[in-house]
1. Any chance you could run the full-extension gain for residue B:226 through residue B:50? It's 0.36 nm times the residue separation minus the Cα-Cα distance, nm to one decimal.
2. For chain B, what is the relative contact order in percent, using Cα pairs closer than 8 Å and at least 6 residues apart in sequence?
3. Kindly put B:82, B:93 in sequence by how many other C-beta atoms sit within 10 Å of each C-beta, fewest to most.
4. Could you go through region B:230-246 in sequence order and give the Karplus-derived ³J(HN,Hα) for each residue, using 6.51 cos²θ - 1.76 cosθ + 1.60 with θ = phi - 60°, rounded to whole Hz, and x for Gly and Pro?
5. How charged is the neighbourhood of residue B:149? Take every other residue with its Cβ under 13 Å from the Cβ of residue B:149, and add Lys/Arg as +1 and Asp/Glu as -1.
6. How high is the relative contact order of region B:93-172, in percent, with contacts defined as C-alpha pairs under 8 Å that are six or more residues apart?
7. Roughly how many nanometres apart are two label points built 7 Å out from the Cα toward the Cβ at residue A:61 and residue B:338?
8. Note down the nm distance, to one decimal, between modelled labels 7 Å out along Cα→Cβ at residue B:324 and at residue B:172.
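Every number in this text was worked out from the coordinates using simple rules, so none of it is lab data. What you see is a predicted model, and the numbers here were worked out from it, not measured in a lab. So basically every Cβ, Gly included, is an ideal-geometry build from the backbone, and we count neighbours across all protein chains shown.
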Amino acid sequence: MRIAWWKFLVLGVLVGSVAVTGCKKKPKAGGAFGDDNIGGVMGTDIYGDPLDLRPGEGARYEEGQFSPVYFEYDSSQVSPSERGKLDSVASELRSRSNVGLVVEGHCDERGSREYNLALGERRALAVRAYLIGLGVEGSLIQTKSYGEEQPADMGHDEGAWSANRRAEFVLFY
Amino acid sequence: MCKKAFFVSGIIVLASALATLAQVRVTKSAGTKSVLNWAGFTISQSPGAREFYQTLEKDLTRSGWFSLTRSAPGEFSLQGSCADDGGSLKIECAVYGAADQKRYLSRAYRQASREAPRVAHRVADDIVEAITGRKGIASTRLAMVGTRSGKKELYLCDADGKNVVQLTRDGTVSVAPKWGPQGRQLLYTSYLKRFPDVYLVDVGNGARRALAKYPGLNTGGALSPNGRDVTLILSKDGNPELYVKNINGGALTRLTQTGRAAEASPSWSPDGQRIVYVSDRSGRPQLYTISRTGGEPVRLTSRGFENVAPDWGPNGLIAFASSIGGTYQVHVIDPESKQVKQLSLDGADYEDPSWAPDGRHIACTRTERYRSKVYILDTMGDPPVALTDYQGDWYSPAWAPQ
């Protein structure tokens, strides 16, 4: 019986890579992979990850380092297609000292302003939870919701709404 | 009984009737108005007196209770005069019921001529209260968010839309103004210090203090009817939840615990025992009520795609916005019976309702083609009336309780 030799090679590479990086344990609380599907809205169980103190009044802020992460309508789940962006944010934060991050959560214009403040905050918290899951210190990450108050796109169609359902990143020192 | 005794007892009854003013109360079913004849009310020809007259006419009409006439006989008659002695207005005013011949109001007023609208508002409110028993709204004010400065700031105006005054100059974003119980304090959310925090502003002297500036989101500030506690939506513990905070001692009580859901938009019941708020714990935003001390929430709404922005009125009814067929419309729900009535109906979006202290009118945001203005709705059938017609967007009105 001929065994495909290349399968052993692939297996060897896989085993080797696991051995090198180790198993990444995803914490249960704070993980972004909540798989409870409530009424069609995937919930992120971020309960219990309290926020630390905000940056002081003298802090300096830096925008534009990272691309925004986008969300589905009425969802605060970090979708698989957006996770790569957060991998970059995490590795940047892990490689620098004395820098923190504000995650700013936004919504499109539909829905009430007050509810959108809360939804925007849940988006920011979901991103924070995912970053914590990637090993970033929770105390470094602040959340800030703008609700629907600061759209990126002033249009009124699905194109604009998609562009507005987002989390943006601001570094602070 | 003998004629003499009858005559004497008649005199006694009449005397006591004249000695006391009639005690209210005229109730009207939706859509009907009391005809108020004011042919017996005269004014002098000065600008101040004319301004008084025009303002009084508009206020009485906007109250919704009356149809004014100078010719037809009315259910009620308003008699009196407005004289101007060159600097100050002297007003005398009496209201009589046609059928019962009772006097419902008898009062004199004095005001500087240049403040004619202010005294006209007072007279209108006194007439409304004397005849209907309900509070008048002519002397009241509204707060709202306006964008005409290029930023989102808080503004005040009178109930007829006049005297627009800019209250904040934060230079940033203001959200969700709500009045304190005495109409002297406004709570709102501002990004003044870069993050969303809840502030309390004294409208008289402009003094402000931060009520909540915890890490994360601070919003949902609303003062209880006794002025001692404030609701808050805070995310400091990891998720936006509903809290109540004592504004003097600072003791903070968490009311909700929904790790996978968001809470928003709290509003106090008139007796200060319960709070209505929005939660999406069922998958979509719906209204719930909860005791001010916490415990099991009671779900109020289940129909409609989204039910948001509740305001618990002095009459015990809750106004809110419901997303139906692609637009938001203002509805009113009785939390006891859970009966719902739709108030607004046209192609525009109607959101952010706020009850007037007369328990009859509701201010709200009307958005059409993405431009927003504040409108006044009537729960007794009068058509919507625009309050603001100024440059910029105007929205999130809050009607002062007094």
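1. 59.3 nm
2. With pairs under 8 Å counted, the relative contact order is 10 percent.
3. Result, fewest neighbours first: B:93, B:82.
4. Running phi through 6.51 cos²θ - 1.76 cosθ + 1.60 with θ = phi - 60° gives 10, 6, 8, 10, 10, 10, 5, 8, x, 6, x, 10, 8, 10, 10, 10, 6 Hz.
5. So the environment of residue B:149 carries a net charge of +1.
6. 16 percent
7. 4.4 nm
8. 3.9 nm
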